Amino acid sequence: MTVETKPGRHSDAALTPPAIELRGISKAFGPVQANKDINIRVEKGTIHGIIGENGAGKSTLMSILYGFYRADSGEIRINGEPTTINDSLAAIRAGIGMVFQHFKLVENFSVLENVILGAEDGGFLKPSLNKARGLLKSLAADFELSVDPDALIENLSVGHQQRVEILKALYRSADILILDEPTGVLTPAEADHLFRILKGLKSQGKTIILITHKLREIMEVTDFVSVMRRGEMVATVPTKDTSPTDLAELMVGRKVLLRVDKTAATPGRTVLDVQGLRVVDDKGVERLRGIDLTVRAGEILGIAGVAGNGQSELLEALAGLISATSGSATINGNPLDLTGRTSDGQTRRAEGIAHVPEDRHRRGLILDFSAWENVAFGYHNDPAYNRNALLMDNAAILRDTEAKIKRFDVRPPNPWLTAESFSGGNQQKLVLAREIERNPDLLLIGQPTRGVDIGAIEFIHQQIIALRDAGKAILLVSVELDEIFALSDRIAVMFDGRIMGERQPDHTTERELGLLMAGMTGEPE
Amino acid sequence: DPALIFDLGGKFDKSFNEAAFAGGERWAEETGGTYRDIEMQSEAQREQALRRLAESGSNPIVMTGFAFASVLEQVAPDYPDTTFAIIDGVVDAENVRSVVFTEHEGSYLVGVLAAMASETDTVGFVGGMDIPLIRRFACGYAQGVKAANADATVVMNYTGTTPAAWNDPVRGGEITQAQISQGADVVYAAAGGTGVGVLQTAADADIFSIGVDSNQNAMHPGQVLTSMVKRVDNAVFDAFSAGVDMETGLYVMDLAAGGVGWALDENNESLVSAEMREAVDAASAAIIAGDIAVHDYMSDGACPYE
Amino acid sequence: MAVKRIPDWADVVLVPLVSLILAFVISALVIVAIGEDPWAATQMMVSGALGSTYGWGYTLYYATNFMFTGLAVAVAFQAKLFNIGGEGQATLGGLGVALACLYLPWPHWSLALLGAALGAAAFGALWAAIPGYLQAKRGSHIVITTIMFNFIAAAVLNYVLVNQLRPQGSMDPASARFPEVTQLPRLHEILEVVGIPFSRSTPANISLLIALAACVAVWFLLWRTRLGYQIRAFGHSEAAAQYAGISPLRITIVVMLISGGLSGMMAINNVMGEAQRLVLNAVEGAGFIGIAVALMGRNHPFGVFLAALLFGFLYQGGAELALWTSIPRELIVVIQALVILFTGALDNMVRMGIAKVIGPAKQGGA
Amino acid sequence: MDLASVIQILDSTLRLSTPLLLACLAGLFSERAGIFDIGLEGKMLAAAFFSAATAAITGSVWLGLGAGILASMALSLLHGVASITFRGNQLISGVAINFLAAGLTVLIAQDWFQQGGRTPALIGDGRFPRLDLPFAEALRDVPVIGPAYSVILSGHTILVYVALLCVPLTWYILYRTRFGLRLRAVGENPAAVDTAGVSVVRLRYAAVLICGVLCGIAGAYLATGLAAGFVKDMTAGRGYIALAALIFAKWRPWQALGAVLLFGLLEAIANRYQNIELAGLVLPVQFMQALPYILTVIILAGFVGKAVPPRAGGTAYVKER
Ligand SMILES: Nc1ncnc2c1ncn2[C@@H]1O[C@H](COP(=O)(O)OP(=O)(O)OP(=O)(O)O)[C@@H](O)[C@H]1O
Ligand SMILES: Nc1ncnc2c1ncn2[C@@H]1O[C@H](COP(=O)(O)OP(=O)(O)OP(=O)(O)O)[C@@H](O)[C@H]1O
Ligand SMILES: [Mg+2]
Ligand SMILES: [Mg+2]
């Protein structure tokens, strides 16, 4: 009997075997039970969303499906057939493709090389590369996924890197495509573009699983949505039968505030004044092309922009981590050495600048150090932390850490745990506690809530606002437009090393900012 | 029982220590006696080994190598009833026999042979490490070469500065090649295990080589011109034979005493012409008679013939 | 194949123990293969190294060397610098000791020790700081430069001993004997004070106490001082260290100075304490053993201490074996290799085996 | 400096560079796949012994070569088991292998031959003969090209040519084949390889075994090509120099050739010129002997810059902790 399947019509589900069916999947990482007896059906030709707090086990589940991890127990059925997926090769053979939350690309390979890796055509590269080049072209045309096949991954923007990941999956002719938090790093325009692509894929009969934290996106593109909480699958519902508030409640298990309360800013004197800041990186690429900006006491200046347009360099140059090629700046009216010849992180701290780095793992924390050692990090010269010129006062640091942990509700409240063993949100709280409690004149803060779940975001945002209300200047960089809107008193948009324009949050829209972020000044063509 | 202590090179170093070992074995074979032999592994053991042997009643105790001198100086007075013999070193103590060889004299003789065998008037010398002992070989050799042929050139090289210098036949071979390219057609090796590579390369390149310490003529029959033999074996044999009554004091094993010399056997008979034999015998006689004074590098730390 | 978590006590006690046993079992097989009796060999090693105060004296003497070089490697490793130059730094340290002992008039051994230790540390530190500087400033890979500096040190020493320090007329490329006053107290003299009889004829000397003090000092440095904090932070993440305002240049050079100084200090044990003169190749590979010691000791001073003792035992036990039996001395090198392999590189294999036997750690226990 | 000297030095350079080149390429395969290897020295030494011993016993240098390669591969396998399967510390494993080879070779040599850890000198078919390249004789008298071709290039054992051919071959494998692409990828980001459906473990073992083969040839060349038999510790630190060359070359094949040729050249020069007089000052022998190392440091500091190793190098691939 042949059944004609119409994409999106779940009423056919009883007749057609689902594209994916997981039964009783469990997985533990040591003491952490990441997945507990998970059951889920994903119908053919649908877009199926999965949501859940950080650490709920979404990525783990998908990685099991893709053969990256092996489940401790449970069964996987693909198109109704019980299938053993012990490694990614088996998953690829079963027609599954996955775009990981953390991309699995070889940074110093070209796009083409990354695409064919593992799916080469014979032992020699030339023919494979030629074939791939052709195929890539047609895929790019079919799905609006154009990327320069010869560009090196490390030179691509995150958005383009993601396209490469999708191309990798399509190149392996995947029928089932898993995307793990694909929009976290994209501009609204890019995200819209991605969704168009996904809809296109769906219309070609492909099945798509989409993991995201953004309820708006779930509502916009998915047919079904599953909710995970603490390793368990708590619900699967047709999207049209639910609402964002319902979903948020299902996710967290309580009601959440989706918006921060804040009063209007009362800006005071100018704290930071930057003129003509230029930065050229190791490779000779000009990353900042003349930045002028000021931040005043008691206000938050939000810098919006797609990742990779110079925001990181701006923060690092101001924090003394990289040296500027030209430009000048003052802090509280005193000149700031931007060349790094007479200054470094230590000098900046002494000048009243605190810095919450974008990448807490790479810069903000020493993962192998205990929480209390991390609390002294960067402030290890503080007399309060030292007995004398030689010895540190560990007891004092410990005491201070305990106080900070308490105030910032870091969990678990154990200063002896290594930074690594805290969850992402709690790691971020630790960094914030360290920097905010210094009561700096200027706080540089990058991606304050990256990879942090809703509950913690709420708290972190409150802390930032509180610091502003205490009359401090804050320079905020974030790729999350929601966050920019929620916190900023003024918004500057960066594109290609320049500031494209400045807007008031109340007098602009996501759409307008999106255009600026894409390099368009907003004037009609 | 007597005891024999080898230096760090180990008893199978194909030259100096191995010669001592041969002397011990010969004594054991001829007398049916037994002896104890041990190899050093570290500097700190020298004292340990000496004391342990003395305390366990070994007598006499023979050791090879100048490196023992300093330690023996300290240890010997503590064991007045034991006699010690040190080869290649001088220790001034009641119960120590110091045996030294006049390597420069032996080297002079092979130098004469080298100069006469050379058709290019260029001969080579490969030393293991630039240390005084090896300089003494080098200087005697150079003097002998110059004596036989005033126009001859001696090319001198040393292998290295780390212990690997004594165990690097590959570099030994390359240095030999370098000397050959400078015209050398006879090469004298005083470089332990490195010498294996020197002799090999010389044989491959069809030039002559000269062995050292033991008779190495048989390593490449017909291609090793001769070997400068240093009769360490005799020194050990004598000491062992003398037993507990071994006389102490300084023993200079020179040419006259048969302590050093050049090797002639069926392997190199055809290489040494009558004329060469005459010349070297004459030189030998003159040295013994005192008519030729072979310069000892150790006497002034310099070599006028290089 | 995930490495199973096992209880902490098993990780600390059982894993090294089982690893050692495995290493010795295989060593026994090697001994059988060359036609010797492994049981007799074991007895001889143990009694030779630990069976008498005499054996202990040698074991501790070697261990002292390894503590210094092991600490040197460990300190550098804490800053993620792989210092393979211990050999050269200890060589130069020997030169420092010799110059201090020979050319300065010391009134008492204690002052001489102070002076010699300073000389040793200074020379060793200098020899390590150049590669450190080149790495930090010019990006020259420290592994290459320290290897090269080992060779250069050997050449320097060779030149100095043959042409400068050798007494006129001496055959031995070694310095003159140091003046009597610079002779360090031997272990038996120290122990006599507290009434413990100890063999008089071993080279173990007061340097042992200095090495122990160095272990404590390094621990103190790394985990109690601000400098140590910065060193460890730099070692874990250069990018983070830069964020914290820790200068990579400064830390690299300072760490290499400390590391080289520690390597150099080894010379107070072997050159001043034992030989009382400087000889060619006085270091005898202790610089390389230091790498193994540091790695096995997990770059922790206490681990270094234990590993140094283990290697001291292997050295002395092995020496006894080679001295008094027909077993070749290279057997010891093989045993050392197996010990390094099993305790240092195959530890996870042992861990997994243990997990199978005693079961994994209870939830939350790891 | 006359022409003859130049030719001799270059000739010597080629020979001295060959074992370094093979070991360097060996390290390149291993480290490009993310497995650091400071055990090159040990593997070469083991191969040197087993090739010489087998050649001495059987009289066949080819069997010797085979035995040398097998011995070296056995140690590679050990390194693989320790660092890939059991995710042990790669540096420690390498150090252990160096010790193991240093001890075992002498121990076995003593057991088999009783010559103090030496093998008997190899004769006849027990050694690799020197090959004359075609037209070497005919071209000998042509100026410049003649000596360059017939003296410097011609007249080496076959392993020298094998080593030289390994350079383009390595380059080709690395950059033009599927295997090479995956190999490079696994040294940069093993997770990318894993999720592409390729076994990380198998790739790394393959790389480590290739490393074994090349080290095996290097060792066999030392004992049966350059020397005529095994002498204890005869690698004399060449494994470490090869490692230095690898870093110098920043893990790239042609640059590796350049680096080893430079090291070989410096060593050849140091061998050839030991007593140099500069303006009345006689430089000591020791200075000339240290010169290659001093120059290496200077070149490294002056012109090479920072060498960034393969990103995943030195760490085991762990998915779950
Ligand atoms: N490789 C791993 N080893 C050990 N524990 C892990 C590993 N990967 C994930 N975990 C743990 O398993 C749990 C589930 O993690 P997972 O990454 O699946 O969550 P997630 O729902 O994808 O979260 P996020 O929204 O942050 O991506 C977490 O507690 C996490 O810390
Ligand atoms: N790769 C990993 N290996 C080992 N443990 C991990 C790993 N990732 C996370 N964990 C542990 O799992 C636990 C949960 O981490 P995770 O970051 O997923 O928490 P979370 O639920 O997202 O918390 P938060 O909301 O604060 O980010 C933490 O204790 C963390 O140490
Ligand atoms: Mg996830
Ligand atoms: Mg998290």
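Taking only region B:241-255 into account, find how many residues are over 16 Å from B:S107 (Cβ atoms) and in a loop (DSSP other than H, G, I, E, B).
Going through region B:241-255 one residue at a time, the tally reaches 3.
Kindly indicate whether any position in region B:81-98 is more than 30 Å from B:A274 (Cβ to Cβ), part of a loop (DSSP other than H, G, I, E, B) and of a type in the set (S, T, Y).
Checked against the condition, which is being more than 30 Å from B:A274 (Cβ to Cβ), part of a loop (DSSP other than H, G, I, E, B) and of a type in the set (S, T, Y), region B:81-98 yields at least one hit.
Which condition does A:K199 not pass, out of (1) open to solvent by less than 40 Å² (accessible area, probe 1.4 Å); (2) part of a helix (DSSP H, G or I); (3) under 17 Å from A:H48 (Cβ atoms), if it passes all the others?
All conditions are met except number (1).
Here's the yes/no breakdown for (1) more than 14 Å from chain C (Cβ to nearest Cβ); (2) more than 16 Å from ligand 4 (Cβ to nearest atom); (3) of a type in the set (D, E, K, R); (4) more than 16 Å from A:E181 (Cβ to Cβ):
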residue	(1), (2), (3), (4)
A:L198	yes, yes, no, no
A:M228	yes, no, no, no
A:E249	yes, yes, yes, yes
A:A265	yes, yes, no, yes
A:V279	yes, yes, no, yes
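If we scan region D:282-291, do we find a residue that is in a loop (DSSP other than H, G, I, E, B), away from ligand 4 (no atom under 16 Å from the Cβ), surrounded by fewer than 17 Cβ atoms within 10 Å (Cβ to Cβ) and not aliphatic (A, V, I, L, M)?
no
Collect the residues in region A:400-432 that are in contact with a Lys or Arg (Cβ under 9 Å, 6 or more places away or on another chain), open to solvent by 50 Å² or more (accessible area, probe 1.4 Å) and either within 13 Å of ligand 2 (Cβ to nearest atom) or in contact (Cβ under 8 Å) with a residue 24 or more places away in the chain (or both), keeping them in residue-number order.
A:D409, A:R411, A:S423
Would you confirm whether or not region A:217-234 contains a residue that is in a helix (DSSP H, G or I) and out of contact with any helix residue (DSSP H, G or I) (no Cβ under 7 Å at 6 or more places or on another chain)?
No, the conditions are met nowhere in region A:217-234.
Every residue in region B:136-153 that is in contact with a Gly (Cβ under 9 Å, 6 or more places away or on another chain) and crowded, with 24+ Cβ neighbours inside 10 Å, please.
Selection gives B:F137, B:A138, B:G140, B:Y141, B:A142, B:Q143, B:G144, B:V145.
Is there any pair linking a residue in region C:73-84 that is among the polar types (S, T, N, Q) to one that is open to solvent by 10 Å² or more (accessible area, probe 1.4 Å), with Cβ under 7 Å and at least six apart or on different chains, and which?
C:Q78/C:R232; C:Q78/C:N299
Filter the strands (runs of 3 or more DSSP E) completely within region A:288-380 down to those with at least 3 residues that are touching an Asp or Glu at 6+ places or on another chain (Cβ under 7 Å).
In region A:288-380, A:326-331, A:353-356 are the strands (runs of 3 or more DSSP E) which contain 3 or more residues that are touching an Asp or Glu at 6+ places or on another chain (Cβ under 7 Å).
Condition first: more than 10 Å from chain C (Cβ to nearest Cβ) and either touching a Ser or Thr at 6+ places or on another chain (Cβ under 6 Å) or buried (at least 17 other Cβ atoms within 10 Å of the Cβ) (or both). Can you find one or more residues in region D:297-307 that meet it?
Scanning region D:297-307, I find no residue that is more than 10 Å from chain C (Cβ to nearest Cβ) and either touching a Ser or Thr at 6+ places or on another chain (Cβ under 6 Å) or buried (at least 17 other Cβ atoms within 10 Å of the Cβ) (or both), so the answer is no.
Of all residues in region A:440-474 being small (G, A, S) and more than 16 Å from ligand 2 (Cβ to nearest atom), which is nearest to A:A56 (Cα to Cα)?
Going through the qualifying residues, I end up with A:G446.
List the residue pairs whose Cβ atoms are under 9 Å apart, where the first residue sits in region C:233-244 and is under 13 Å from A:P357 (Cβ atoms) and facing chain A (nearest Cβ under 7 Å), the second is open to solvent by 10 Å² or more (accessible area, probe 1.4 Å) and hydroxyl-bearing (S, T, Y), and the two are 6 or more positions apart or on different chains.
C:Y243/C:S237; C:A244/A:Y379
Could you list, in sequence order, all residues of region A:227-266 that are more than 30 Å from A:E299 (Cβ to Cβ), β-branched (V, I, T) and modelled with pLDDT of 85 or more?
A:V227, A:V234, A:T236, A:V237, A:T239, A:T242
Please count how many residues of region B:155-192 are more than 7 Å from chain D (Cβ to nearest Cβ), part of a helix (DSSP H, G or I) and surrounded by fewer than 24 Cβ atoms within 10 Å (Cβ to Cβ).
The qualifying residues number 3.
Inspect all residues belonging to region A:17-28 and state whether any of them is closer than 26 Å to D:G197 by Cβ, within 16 Å of ligand 4 (Cβ to nearest atom) and in the same structural domain as A:E181 (by the TED database).
Among the residues of region A:17-28, not one is closer than 26 Å to D:G197 by Cβ, within 16 Å of ligand 4 (Cβ to nearest atom) and in the same structural domain as A:E181 (by the TED database), which makes the answer no.
Go over the candidates D:G258, D:G212 one by one and state the one that is within 14 Å of the chain's Cα centre (by Cα), free of Cβ contacts under 8 Å to residues at least 40 places away in the same chain and assigned to a helix (DSSP H, G or I).
D:G258
On the basis of being surrounded by 24 or more Cβ atoms within 10 Å (Cβ to Cβ), in a helix (DSSP H, G or I) and either modelled with pLDDT under 90 or within 14 Å of the chain's Cα centre (by Cα) (or both), does B:G195 make the cut?
Here the answer is yes, as B:G195 does meet what is asked.
Does region C:293-307 contain any residue that is open to solvent by less than 30 Å² (accessible area, probe 1.4 Å), in the same structural domain as C:G124 (by the TED database), of a type in the set (A, V, I, L, M, F, W, C) and assigned to a loop (DSSP other than H, G, I, E, B)?
no
Taking D:G34 as the residue in question, decide whether it is outside any helix (DSSP H, G or I), away from chain B (no Cβ under 14 Å), touching a Pro at 6+ places or on another chain (Cβ under 9 Å) and open to solvent by less than 20 Å² (accessible area, probe 1.4 Å).
yes
Residues that are in the same structural domain as C:P203 (by the TED database) and β-branched (V, I, T): does region C:83-96 have at least one?
yes
Tally time: how many residues in region A:94-142 are open to solvent by 20 Å² or more (accessible area, probe 1.4 Å), part of a helix (DSSP H, G or I) and in contact with a Gly (Cβ under 8 Å, 6 or more places away or on another chain)?
Result for region A:94-142: 1.
Can you pull out every residue in region D:140-188 that is touching a helix residue (DSSP H, G or I) at 6+ places or on another chain (Cβ under 6 Å), away from chain A (no Cβ under 11 Å) and open to solvent by 10 Å² or more (accessible area, probe 1.4 Å)?
D:R140, D:P147, D:Y149, D:V151, D:I152, D:C166, D:W171
Among the residues that make up region A:367-382, is at least one of them within 11 Å of another protein chain (Cβ to nearest Cβ) and more than 32 Å from the chain's Cα centre (by Cα)?
Yes: one or more hits.
Using the structure shown, decide if A:E351 is within 12 Å of chain C (Cβ to nearest Cβ), touching a residue at least 12 places away in the same chain (Cβ under 8 Å), open to solvent by 40 Å² or more (accessible area, probe 1.4 Å) and more than 30 Å from the chain's Cα centre (by Cα).
The answer is yes for A:E351.
If you check D:L77 against the conditions, is it within 12 Å of another protein chain (Cβ to nearest Cβ), open to solvent by 10 Å² or more (accessible area, probe 1.4 Å) and in contact (Cβ under 8 Å) with a residue 24 or more places away in the chain?
No, not satisfied.
Could you tell me whether region D:247-259 includes any residue that is within 14 Å of chain B (Cβ to nearest Cβ), in contact with a helix residue (DSSP H, G or I) (Cβ under 9 Å, 6 or more places away or on another chain) and within 29 Å of D:A4 (Cα to Cα)?
No, region D:247-259 contains no residue that is within 14 Å of chain B (Cβ to nearest Cβ), in contact with a helix residue (DSSP H, G or I) (Cβ under 9 Å, 6 or more places away or on another chain) and within 29 Å of D:A4 (Cα to Cα).
The values are calculated or read from the model by the stated rules, or taken from the named source; none is laboratory data. Given the structure is predicted, the values throughout are model-derived calculations rather than measurements. Every residue, glycine among them, receives a Cβ derived from its backbone with ideal geometry; neighbour counts consider all protein chains shown. Accessible surface areas use protein heavy atoms only, side chains included; no ligands, DNA or RNA. Shrake-Rupley method; radii C 1.70, N 1.55, O 1.52, S 1.80 Å.
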